[in-house]
Amino acid sequence: MALSDDVSRIAEAAAAHSVPGQDVVGVLTVQSVGGERAYLAAFADVAGGREWLLLDDRANPVTNRERVREAASIAALVEVAEEAADRVSDEPRVASLGYLDSIGADSSIAAALPAVEELTRDVEQHYKLELV
């Protein structure tokens, strides 16, 4: 199955967790340090509110705080690295440490670490389910 098909499948599954007036606005594919694939879904409502939900490869919601933090951190680091390296693409890709290494790192990534922590904190604070 192609990555774009996986993302579509997960977006559809994530939509089942939306509330009225809320839409799935993005799905980021993340590979953990242990090699597990998960999908970080972003939800937005008309008032600009945002919530998050991590789904595993079977489209089951993840409630483990450490897994959610790891996925959010990797996704944010890759986003920052792509912007710093001017490698932003509309094509789906898997955010992983291996992919991050392939982009390369420089001082602009280190300077962005507060933004990574901010996104991770936002995901935790606005998570759709209770984290354990």
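Side notes on the structure shown:
- With all pairs of separate Cα atoms included, region 80-131 yields a Kirkwood hydrodynamic radius of 12.6 Å.
- Taking only the alpha carbons of the chain, we obtain Rg and Dmax values of 14.3, 43 Å in that order.
- Within the chain, helix-based [θ] at 222 nm, where runs of 4 or more DSSP H residues each add -39,500 (n - 2.57), nearest 500: -13500 deg cm²/dmol
- The chain, accessible area per residue, ligands and nucleic acids excluded (1.4 Å, Å²): 55
- Within the chain, DSSP assigns beta bridges of which about 85% are antiparallel (rounded to the nearest 5).
- Charge tally for Gly48 (other residues, Cβ to Cβ under 14 Å; Lys, Arg +1; Asp, Glu -1): -3.
- Max mean-square fluctuation residue, GNM over the chain, Cα-Cα springs under 10 Å, options Val33, Val78, Val116: Val33
- Diffusion coefficient, µm² s⁻¹, Stokes-Einstein with Kirkwood Rh over alpha-carbon pairs of region 12-72 at 20 °C and 1.002 mPa s: 181
- Relative contact order %, region 74-132, counting alpha carbon pairs below 8 Å whose residues are six or more apart: 42
- Positive minus negative residues near Val123 (Lys, Arg vs Asp, Glu; Cβ under 15 Å): -3
- Helix 3-15 vs. the chain, principal-axis angle (Cα, 0 to 90°, nearest 10): 40
- Neighbourhood charge, 13 Å Cβ-Cβ cut-off, centred on Val88 and excluding it, Lys, Arg +1 and Asp, Glu -1: -4
- Entry note, region 1-49: relative contact order of 33 percent, from Cα contacts under 8 Å with a spacing of 6+ residues.
- Gaussian network model of the chain, springs between alpha carbon atoms under 10 Å - residue of Leu113, Leu77, Leu40 with greatest fluctuation: Leu113
- Sequence-separation-based contact order of the chain, relative, with Cα cut under 8 Å and 6+ spacing, percent: 24
- Centre-to-centre separation between the Cα atoms of region 25-87 and those of region 1-20: 13 Å.
- Expressed as a whole percent, the accessible area of the chain that falls on carbon and sulfur atoms is 49 (1.4 Å probe).
The values are calculated or read from the model by the stated rules, or taken from the named source; none is laboratory data. Keep in mind that what you see is a predicted model, and the values were worked out from it rather than measured. Cβ coordinates were reconstructed from backbone atoms using ideal geometry, including for glycine residues, and neighbour counts include every protein chain displayed. Accessible surface areas use protein heavy atoms only, side chains included; no ligands, DNA or RNA. Shrake-Rupley method; radii C 1.70, N 1.55, O 1.52, S 1.80 Å.
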